[in-house]
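Novice: The following block contains the structure, expressed as structure tokens.
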């Protein structure tokens with residue numbers, strides 16, 4: 001029984017290794033720290049820009065290896081997984097905890113120092 | 001509780017787990033407890049499992065996980081139900097990952113997975129599942145890098161140079177070198193993957209992997225959380241460890257007597273057979289090799305569970321900016337082992353050449 005569970009667990013991982021390449025994420029696919037995503041994140045609720053400290057509190061531990069407030073109203077950091085995983089976390093927050101805030105979230109990122117990409121969410 | 005007790009943290013024999021597996025899970029448990037991982041266990045937040053972070057009782061989950069991890073970690077260290085305790089610690093880490101996307105890191109996933117599989121160990125299937133876990137990791141890592149254009153083109157390293165502390169060093173590297181670096185990494189991980197699959201190549205693959213990951217630590221200055229500790233510990237399941245055929249011949253009156261007596265006393269698993277001799281310098285006699293003096297000492301240390309546990313106990317709590325120091329030590333040991341292996345292969349050739357010269361000289 002235990003061995004069957006173990007084999008099933010490894011097959012799940014092997015499945016993730018293959019299937020995750022069909023999309024933009026790499027969850028459980030053993031792609032450790034294979035990306036350099038420099039990003040800048042701002043959040044607006046109505047007419048008010050959230051302060052950097054509020055953004056940091058909003059998406060706890062979201063930010064990868066080195067995130068911090070670089071201005072009063074934005075957070076910058078480096079993320080080491082595919083950018084879609086960062087977006088997934090922001091989306092999940094905004095669709096659940098932050099659903100009633102109707103926030104506008106702007107994420108500007110550069111994957112491996114390529115051209116900047118803007119991703120905007122209107123809550 | 002004495003050193004000789006069945007529950008001594010330094011003992012890796014006499015339990016339901018093979019010595020290599022018990023050493024690996026002990027290293028992981030120790031690193032987990034000393035690396036501030038207990039405090040990092042999350043409250044459910046942005047969970048992978050829908051609804052898990054909105055459970056009314058979710059608030060107590062971190063406390064439950066902390067208690068489980070602390071209890072199971074200590075049980076592993078003191079040889080109390082080590083297989084069950086590995087299952088509990090591994091499961092707790094995996095539950096923590098499922099309960100919070102922000103807690104997911106590859107190092108935690110690997111540590112949790114290995115401990116979980118160690119908890120499912122059975123004599124019938126032996127080390128297969130644990131070896132497969134490490135092989136799946138290298139397969140996934142190789143495949144991902146191979147399929148990412150930025151790894152094949154070297155663009156990843158251009159970006160890495162921008163965010164690393166060595167921007168000026170990277171700026172001096174010609175653009176044409178970055179693809180070579182990218183492909184070197186891909187091929188190194190592919191070689192480790194292939195080597196771990198083939199029994200005859202397991203040992204060189206393990207040494208390559210230890211050197212590779214320790215070099216990454218030297219370059220980046222990061223252990224990547226638990227990764228360096230857990231991955232290196234997991235390689236124990238690929239080696240015939242510990243070597244049980246060794247005999248240590250030592251002189252109880254030599255200048256090394258204090259060190260020898262300590263090593264003898266710490267060999268509580270009786271990995272070596274210890275023989276005193278009034279004339280011998282410290283010598284380790286293997287099946288085919290004799291290692292004297294410092295080389296013998298190194299052989300004893302590399303086969304001593306306490307040496308690995310002491311290393312982790314000292315290094316795991318250190319702030320990350322000190323991580324290069326132990327990495328340097330590991331690379332130095334690897335260098336000595338490589339030099340030793342090279343000289344052992346060279347010596348017969350030199351003896352053969354000397355004999356040939358003598359024979360031809362006597363004929364002349």
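Novice: Return the residues of region B:1-55 that are at pLDDT below 90, closer than 30 Å to residue B:265 by Cα and surrounded by 16 or more Cβ atoms within 10 Å (Cβ to Cβ); say none if nothing qualifies.
Specialist: none
Novice: Among (1) modelled with pLDDT under 95; (2) away from chain A (no Cβ under 13 Å), which single condition is residue B:208 missing?
Specialist: Of (1) modelled with pLDDT under 95; (2) away from chain A (no Cβ under 13 Å), only one is false for residue B:208: (1).
Each row is one residue, and each column tells you yes or no for (1) more than 18 Å from residue A:112 (Cα to Cα); (2) modelled with pLDDT under 95; (3) more than 14 Å from chain A (Cβ to nearest Cβ); (4) surrounded by fewer than 16 Cβ atoms within 10 Å (Cβ to Cβ).
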position: B:135; (1), (2), (3), (4): yes, no, no, no
position: B:144; (1), (2), (3), (4): no, no, no, no
position: B:158; (1), (2), (3), (4): no, yes, no, no
position: B:161; (1), (2), (3), (4): no, yes, no, no
position: B:180; (1), (2), (3), (4): no, no, yes, yes
position: B:234; (1), (2), (3), (4): yes, no, no, no
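Novice: I would also like to ask the following. Of all residues being under 24 Å from the mean Cα position of the chain (by Cα) and in a helix (DSSP H, G or I) in region B:97-108, which is farthest from the other protein chains (Cβ to nearest Cβ)? Just the residue, please. Give the derivation first.
Specialist: First pass over region B:97-108, keeping only residues under 24 Å from the mean Cα position of the chain (by Cα): B:97, B:103-108.
Pick out the ones that are also in a helix (DSSP H, G or I) and you get B:97, B:103, B:106-108.
Values: B:97: 9, B:103: 8, B:106: 4, B:107: 8, B:108: 11 Å.
For region B:97-108, the residue satisfying everything is B:108.
Novice: Continuing with the same structure: Would you confirm whether or not region A:25-47 contains a residue that is more than 20 Å from residue B:102 (Cα to Cα) and assigned to a strand (DSSP E or B)?
Specialist: yes
Novice: When you go through (1) over 30 Å from residue B:127 (Cβ atoms); (2) in contact (Cβ under 8 Å) with a residue 12 or more places away in the chain one by one for residue B:57, which number turns out not to apply?
Specialist: Result: residue B:57 fails condition (2) only.
The values are calculated or read from the model by the stated rules, or taken from the named source; none is laboratory data. Bear in mind the structure is a predicted one, so any value in this text is a computation, not a measurement. Because the Cβ atoms are built from the backbone with ideal geometry, glycine has one as well, and the counts that use them run over all protein chains shown.
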